[in-house]
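**Q** My questions will all concern the structure given below.
The values are calculated or read from the model by the stated rules, or taken from the named source; none is laboratory data. Not measured: the values here are computed from a predicted model. All Cβ positions, even for glycine, are placed from backbone atoms using ideal geometry, and neighbour counts span all protein chains on display. The area values use the complete protein model at the heavy-atom level, side chains included, leaving out ligands, DNA and RNA. Shrake-Rupley method; radii C 1.70, N 1.55, O 1.52, S 1.80 Å.
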Amino acid sequence: MPHFTLEYTDNIKQEARISLLLEKVNDLLISKSPLFPVGGIRSRAIELHDYRIADGKEDDAFVHATLKIGAGRSEADKKNVCEELFAVIKEHFAEMYERRYLALSLELIEFSEAGTYKHNNIHGRFRK
């Protein structure tokens, strides 16, 4: 962990540079090591084709990010990471935000390790 999921409306696909945003997100999360183990960082994007925004009368768009982390980080650490992450997202979409209707959001989900199952040999590459 953490796992970062980005949902975005397909009407911004051509200009959204989603791969670049995922790279920026991973760079930020990696910079927080050891708060988050590098081998556990995952980011992904889901392009949405079926959606409705507000009254449906404009070419509105949205980007919603979810950061899922395991329990155990301090409130200050969680707040800091979310603020920095949301700043990256806002900066990435700043030009588009000025030109069109666009809603940006970020949600943090923290869960207990009980009930999660993991099998990951990537961590070994990053252990010293």
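**Q** Explain nothing, just the number: relative contact order of segment 17-128, from Cα pairs under 8 Å at least 6 residues apart, as a whole percent. Walk me through the numbers before you get to the answer.
**A** Working: 88 pairs, mean separation 41.0, N = 112.
Relative contact order for segment 17-128 comes out at 37 percent.
**Q** While we're on this one: Over the chain, with a Gaussian network built from C-alpha contacts below 10 Å, which listed residue (D50, D77, D60) shows the highest mean-square fluctuation?
**A** Result: D50 has the largest fluctuation of those listed.
**Q** Next question. Would you compute, for the Cα atoms of segment 1-69, the largest minus smallest coordinate along each principal axis and list the three values in descending order, in whole Å?
**A** Largest to smallest, the principal-axis extents are 46, 21, 14 Å.
**Q** Can I ask one more? If we restrict to alpha carbons, what Rg and Dmax does the chain come to, in Å?
**A** So, for the chain, Rg and Dmax equal 16.0, 55 Å respectively.
**Q** Rounded to the nearest 20 Debye, what is the dipole magnitude of segment 64-128 about its Cα centre when Lys and Arg each give +1 and Asp and Glu each give -1 at the C-beta?
**A** Values: 11 positive and 10 negative charges, 80 e Å.
Here the size comes out at about 380 debye.
**Q** So, one more: Springs between alpha-carbon pairs under 10 angstrom, Gaussian network model over the chain: which of K118, K68, K90 fluctuates most?
**A** It is K118.
**Q** I would also like to ask the following. I'd like the Karplus ³J(HN,Hα) series for segment 98-110: coefficients 6.51, -1.76, 1.60, θ = phi - 60°, whole numbers in Hz, and an x wherever there's a Gly or Pro.
**A** Using θ = phi - 60°, the values come out as 6, 9, 8, 6, 8, 10, 10, 8, 9, 10, 9, 10, 10 Hz.
**Q** With a cut-off of at most 16 other beta carbons within 10 Å, and DSSP calling the residue loop, which chymotrypsin sites (Phe, Trp or Tyr not before Pro) in segment 10-97 qualify? Please list them.
**A** On the way: sites: Y51, F62, F86, F93, Y97; in loops: Y51, F93.
Those satisfying the criteria are Y51.
**Q** How high is the FRET efficiency between R99 and E75 when r is their beta carbon distance and R₀ equals 35 Å, given to the nearest 0.05?
**A** Values: r = 36 Å, r/R0 = 1.03.
Efficiency, rounded to the nearest 0.05: 0.45.
**Q** So what is the 222 nm mean residue ellipticity for the chain from helices alone, if each DSSP H run of at least 4 adds -39500 (n - 2.57) and you divide by all residues, rounding to the nearest 500 deg cm²/dmol?
**A** Using -39500 (n - 2.57) per qualifying helix, the result is -10000 deg cm²/dmol.
**Q** Hey, another quick one. Which of I12, L85, A114 sits farthest toward the positive end of the charge dipole of the chain, with +1 on the Cβ of Lys and Arg and -1 on the Cβ of Asp and Glu?
**A** Farthest along the dipole direction, towards plus: A114.
**Q** Report, in degrees rounded to the nearest 10, the 0 to 90 angle that the Cα long axis of helix 75-92 makes with the longest principal axis of the chain.
**A** 40
**Q** For F62, which sequence-distant residues (separation of 5 or more, or a different chain) have an amide H within less than 5 Å of its own amide H, given hydrogens modelled in the peptide plane?
**A** Counting only residues 5 or more places away or on other chains, the set is T9, A103.
**Q** Select from segment 60-128 those GluC sites (Glu not before Pro) which occupy a DSSP coil region and have at most 14 other Cβ atoms within 10 Å, ordered by residue number.
**A** The qualifying sites are E113.
**Q** A further question follows. What is the distance, in nm, between label points placed 7 Å from the Cα along the Cα-to-Cβ direction at E47 and at N26?
**A** Output for this residue pair reads 1.9 nm.
**Q** Another question, if that's okay. Which whole-number value in Å² is the accessible area per residue of the chain, probe 1.4 Å?
**A** Numbers: 8040 Å² over 128 residues.
On a per-residue basis, 63 Å².
**Q** Another question, then. Residue by residue, what Karplus-based ³J(HN,Hα) values in Hz, rounded to whole numbers, does segment 24-38 have, using 6.51, -1.76 and 1.60 with θ = phi - 60° and x for Gly and Pro?
**A** Once rounded to whole Hz, the list reads 4, 4, 4, 4, 5, 5, 4, 5, 8, 4, x, 4, 10, x, 4.
**Q** Rounded to the nearest percent, how much of the accessible area of the chain (1.4 Å probe, protein heavy atoms only) is carbon and sulfur?
**A** On the chain, the fraction of accessible area on carbon and sulfur atoms equals 50 percent.
**Q** Please get the size of the charge dipole for the chain, origin at its Cα centre, with Cβ charges of +1 on Lys and Arg and -1 on Asp and Glu, quoted in debye to the nearest 20. Don't skip to the answer; put the middle values down first.
**A** Working: 19 positive and 21 negative charges, 163 e Å.
Roughly 780 debye for the chain.
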